[in-house]
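A short reminder: the numbers here are calculations on the coordinates, not readings from a lab. Since we're looking at a predicted model, the values are computed, not measured. Virtual Cβ from ideal backbone geometry, glycine too; neighbours counted across all protein chains shown.
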Amino acid sequence: MIKAFAAVLFAWTMLFIGGAIQAQDQVPVKIISDKMDYDQENNTVIFTGNVHVDRSDFELWSDKLTVFMQAAPGGSATQASMGPDASRDIEKLLAEGKVRIQRDNQLGTSEKATYWTKKGVIVMEGNPVLKDGEGSISGEVITYHIQENRGVVQGGEKQRVQAVFMAPADSFSPAQE
């Protein structure tokens with residue numbers, strides 16, 4: 001069960017941050033939205049309205065995607081932040097509102113998903129659910145620590161942790177003598 005949980009979280013991790021981890025192997029990422037605001041003073045790029053991120057290996061949809069860039073030593077975003085090497089300047093990504101991430105038959109959904117690039121931590125909040133085929137895991141908050149390959153699903157007052165895994169039909173049968 002732990003291996004299945006780790007596999008689901010790892011797959012979702014690769015969906016969300018594959019480009020940041022593999023900066024050397026650059027692939028095109030197309031972001032389509034109704035509006036984009038670049039705020040140099042606050043080091044952010046905000047995509048709003050029907051946001052769709054399309055990479056060759058996954059797709060992400062949300063109402064809003066905010067890219068928080070690291071400040072340059074002088075306190076503002078670097079000129080390269082909007083260029084092809086932008087993934088190296090990204091501090092945090094925040095997808096909000098009907099977040100959906102799809103890769104093959106793997107699907108992650110939540111109301112909010114945050115990825116801290118330096119810490120290597122992803123946090124899904126607001127009815128987070130990770131599905132891989134017929135298996136799924138859900139709770140109030142799902143946190144995954146990439147470097148440690150460790151995930152935590154927290155339950156709470158609104159929702160307890162629920163994990164559904166497929167097992168062979170005879171795996172729970174009494175032993176035959």
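Brief remarks on what is shown
- The GluC sites (Glu not before Pro) of segment 126-170 that meet both conditions, a loop assignment by DSSP and at most 16 other Cβ atoms within 10 Å of the site Cβ, are E134, E148, E157.
- Proximity of backbone amide H atoms, modeled 1.01 Å from N, is registered between V141 and Q154 at under 5 Å, excluding neighbours fewer than 5 places apart on the same chain.
- Residues S56, S110, S33, arranged from fewest to most other Cβ atoms within 10 angstrom of their Cβ, appear as S56, S33, S110.
- Hits among lysines - C-alpha to C-alpha of K112 under 21 Å, sequence gap 8 or more where chains match: K30, K35, K64, K92, K98, K131, K158
- Panel order for I146, I31, by other beta carbons found within 10 Å of each beta carbon, from fewest to most: I31, I146.
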